[in-house]
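One structure below.
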Protein chains: 2
Amino acid sequence: MATVGIVGAGQLARMTQQAAISLGVEVVVLGEGSQAPAVRAGATLCPGRPDRLADLIRLADMVDVVTLEHEQTPADLLERLAALGYRVAPGAVAARLGQDKAEARAVLAASGIPVAPWVLTGDLAAIDAFGARHGWPLFLKSPTGGYDGRGVWKVRSPGEAAHLVRDSDRDFLVEPMIPIRHELSVLVVRSTRGEVAAYPAVETVQRDGQCHEVFVPASVPARTADAAHQLALRIADLVDLVGTMAVELFVTGEGLVFNELAVRPHNSGHLSIEACTTSQFENHLRATIGLPLGAPDLRVPAAAMVNVVGGPDGSDPFERLACGLAVPGASLHRYGKEARPSRKLGHVTATGSTVTIARTTAARAVAALIGERAA
Amino acid sequence: MATVGIVGAGQLARMTQQAAISLGVEVVVLGEGSQAPAVRAGATLCPGRPDRLADLIRLADMVDVVTLEHEQTPADLLERLAALGYRVAPGAVAARLGQDKAEARAVLAASGIPVAPWVLTGDLAAIDAFGARHGWPLFLKSPTGGYDGRGVWKVRSPGEAAHLVRDSDRDFLVEPMIPIRHELSVLVVRSTRGEVAAYPAVETVQRDGQCHEVFVPASVPARTADAAHQLALRIADLVDLVGTMAVELFVTGEGLVFNELAVRPHNSGHLSIEACTTSQFENHLRATIGLPLGAPDLRVPAAAMVNVVGGPDGSDPFERLACGLAVPGASLHRYGKEARPSRKLGHVTATGSTVTIARTTAARAVAALIGERAA
């Protein structure tokens, strides 16, 4: 029976542990406490930190392969782990592109993947010139470490840019505000044996910079969804992926534009648990162990997922669990985390004969959890 | 967060533990070892035996409600547990009917549920008279303790009956061999609050007295499936069910005939994990805790499940896991049990647009696991 080690013990590791039960795979997680979501779900805890080589080695010694649930392990540590002979999935190349937005753009653009105009700079004059050329406002992004809307600043003028850049000694990834019609995500899985499978493109809806809702089929023409699918397959090969990766894309008037990679199971793939023949979590396990991949196709006509986050006052919507469960057709997932404002505490998935039905059901269940009436 | 105690730590408790992760429910299992399927899936072990009151009390002290995964806890112990103030689901009434085939027939027939002719007797003259009236061969069944074909004997003549009865000091449930067109099972769930939900009737296929395959929709007219559904709902109320119960029925030329009850999640409901909006395991948890029940309806047009059992030589088909996973569309479930001849070690579920597609996919995956070509 294979044993998979996951750096991180949050909800992604928790849902991977849940999937591992079906395969008879054992999961060991590197984390800091016995109350971590994955540990509460039955994964074995290897106490340690994601950015300490000695801890990574202790984990690696317990398992057949080491994989990730977040971006907190520097890619060079993964490289050193691999150099020591441990199996690591993803490899350092893919992991680095998931951790560094600028490097991802550079590498993928060089291979012909469409990216929006960008520059990596900490120089105010260069930012002003970029703004003059592409128009204000601009987005300034921290190339590494940002997620869920953190590390992204919208600056409306050279003055606002100066204010932000003056206080920092780092480079920013500078981008124009491009007119986005839709945001898509394609989950793609590639195994140690080079077998690759991409899920149907899903549409994501952000709220305050954080993923709020995901649904499938996306509300784009089939040829756009197909193009996204193909792009994700190409990128998986380009970055020599092993494991699961989310390829996030913008749909603009000029076609698809690359946004970013998450080189791990991803929020935009949670609905695969109910909606697809094989969930992203099971396929992540299959890929990292070197087992044949499962079919990523939809079992159902349509599905939607809405995140459940802590209230502005830090309240826990799952205190109203029974209200959410009373909504027919909703599948609830709790992560077993302590509530904090805006913290992801769980999600709701619904499937249905149409996207509208699925979205309405999921939204109703979340509204019931937070004690609001659904729109 | 609620904690549910399960008497038993096998595959039913394992899949209940897997479902509990989504709800954030904790599971404690009463079992004998840390290698039990449910414990390996992350349930907490309460060491003990299912037929010892002191052990049941130790479990009950750790949890909010005690439930069952098998018939090894005498109903009167459940009654004593309830009398001590512990919450028990199912109650002793339903549990007793699941443990005693003769009592189930007597109680249900008295309420107008159709049962085949039967008599409970250890008297050879009475058996001969029954055979003279209804025709030979007869089935003689142990009224309690039999499962998976054990405890059932087919006797072709008074001589064979004499041979069997002479060696026993117990009563047998005696039945004629009725012409069975189909075997159906309806999973029904009833909560502490009296809310009740029945799954679509599934068709079961036995092999050597053991459930081999399950599929849905059943190959019976819709009105027969509906009648089975209604019968299960009636029986759930009649036995004051709390939790999940399988109602097994025969379809004969004269209509539906009651066969037996399994008062717990059941093999015939495993396909609900992939095929239904809410699995039998999640609904079992919801019912016993007193949460609203989830929708039992199909998400998909059709589904099939085939059990994976140990080979005649005790070999483990999951040694060929990769072969099974390579069959597109199959969802594999391993129970983490040691292989023995005919022992249930896992199952495969497939969904599809037709029953034929689903059955073919599931059969192919099982054939791949056992190293045979599918028929």
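Residues are listed down the side, and each one gets a yes or a no for (1) at pLDDT below 95; (2) hydrophobic (A, V, I, L, M, F, W, C):
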| position | (1), (2) |
| --- | --- |
| A:131 | no, no |
| A:142 | yes, no |
| A:188 | no, yes |
| A:192 | yes, no |
| A:196 | no, yes |
| A:208 | yes, no |
| A:214 | no, yes |
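Filter the stretch A:291-316 down to the residues that are surrounded by fewer than 23 Cβ atoms within 10 Å (Cβ to Cβ), without any contact (Cβ under 8 Å) to a residue 60 or more places away in the chain and within 12 Å of chain B (Cβ to nearest Cβ) and list them by number.
Across the stretch A:291-316, the qualifying residues are A:300, A:301, A:316.
For (1) surrounded by 23 or more Cβ atoms within 10 Å (Cβ to Cβ); (2) within 12 Å of another protein chain (Cβ to nearest Cβ); (3) within 17 Å of residue B:40 (Cβ to Cβ), each residue gets a yes or a no:
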position: A:4; (1), (2), (3): yes, no, yes
position: A:8; (1), (2), (3): yes, no, no
position: A:15; (1), (2), (3): yes, yes, no
position: A:61; (1), (2), (3): no, no, no
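Kindly establish whether residue A:336 is in a loop (DSSP other than H, G, I, E, B) and in contact (Cβ under 8 Å) with a residue 24 or more places away in the chain. I'd like the intermediate steps shown before the answer.
Details: in a loop (DSSP other than H, G, I, E, B): yes; in contact (Cβ under 8 Å) with a residue 24 or more places away in the chain: yes.
Answer is yes for this residue.
Residue A:28: part of a strand (DSSP E or B), touching a Gly at 6+ places or on another chain (Cβ under 8 Å) and within 14 Å of chain B (Cβ to nearest Cβ), yes or no? Before you say what the answer is, go through the steps one by one.
Numbers: part of a strand (DSSP E or B): yes; touching a Gly at 6+ places or on another chain (Cβ under 8 Å): yes; within 14 Å of chain B (Cβ to nearest Cβ): yes.
Taking the combined requirement at face value, the residue satisfies it.
Look through A:36, A:82, A:92, A:41 and report the one residue that is under 13 Å from residue A:7 (Cα atoms) and small (Gly, Ala, Ser).
Working: A:82 fails: under 13 Å from residue A:7 (Cα atoms); A:92 fails: under 13 Å from residue A:7 (Cα atoms); A:41 fails: under 13 Å from residue A:7 (Cα atoms).
Unique residue meeting the criteria: A:36.
Does residue A:334 fit the bill of being at pLDDT 95 or above, surrounded by 23 or more Cβ atoms within 10 Å (Cβ to Cβ), under 22 Å from residue A:38 (Cβ atoms) and facing another protein chain (nearest Cβ under 10 Å)? Steps first, please.
Values: at pLDDT 95 or above: yes; surrounded by 23 or more Cβ atoms within 10 Å (Cβ to Cβ): yes; under 22 Å from residue A:38 (Cβ atoms): yes; facing another protein chain (nearest Cβ under 10 Å): yes.
Taking the combined requirement at face value, the residue satisfies it.
Could you count how many residues in the stretch B:94-113 are over 17 Å from residue B:151 (Cα atoms) and in contact with a helix residue (DSSP H, G or I) (Cβ under 8 Å, 6 or more places away or on another chain)?
Of the residues in the stretch B:94-113, 6 are over 17 Å from residue B:151 (Cα atoms) and in contact with a helix residue (DSSP H, G or I) (Cβ under 8 Å, 6 or more places away or on another chain).
Looking at (1) closer than 24 Å to residue B:222 by Cβ; (2) within 11 Å of chain A (Cβ to nearest Cβ), which is the only condition residue B:326 fails?
The failed condition is (1).
Residues of the stretch A:273-284 being surrounded by fewer than 24 Cβ atoms within 10 Å (Cβ to Cβ) and either among the polar types (S, T, N, Q) or free of Cβ contacts under 8 Å to residues at least 12 places away in the same chain (or both), which ones? Please lay out each step first, then the result.
Within the stretch A:273-284, the subset surrounded by fewer than 24 Cβ atoms within 10 Å (Cβ to Cβ) is A:273-274, A:277.
Selection gives A:277 alone.
Sort out which residues of the stretch A:217-272 are β-branched (Val, Ile, Thr), in contact (Cβ under 8 Å) with a residue 60 or more places away in the chain and out of contact with any Lys or Arg (no Cβ under 8 Å at 6 or more places or on another chain), and write them in order of number. Steps first, answer last, please.
Start the filter on the stretch A:217-272 by keeping residues that are β-branched (Val, Ile, Thr), which leaves A:220, A:224, A:235, A:239, A:242, A:244, A:247, A:251-252, A:257, A:263.
From the residues that got through so far, the ones that are in contact (Cβ under 8 Å) with a residue 60 or more places away in the chain too are A:235, A:239, A:242, A:247, A:251-252, A:257, A:263.
Matches in the stretch A:217-272: A:235, A:239, A:247, A:257, A:263.
All but one of (1) under 26 Å from residue A:21 (Cα atoms); (2) within 17 Å of the chain's Cα centre (by Cα) hold for residue A:309; which doesn't?
Of the numbered conditions (1) under 26 Å from residue A:21 (Cα atoms); (2) within 17 Å of the chain's Cα centre (by Cα), the odd one out for residue A:309 is (1).
Examine the stretch A:260-273 for a residue that is at pLDDT 95 or above, hydrophobic (A, V, I, L, M, F, W, C) and closer than 19 Å to residue B:18 by Cβ, and state whether such a residue exists.
yes
The values are calculated or read from the model by the stated rules, or taken from the named source; none is laboratory data. Treat the numbers as computed from the prediction; the structure is a model and nothing was measured. Every residue, glycine as well, gets a Cβ built from its backbone with ideal geometry; the counts of neighbours run over all protein chains shown.
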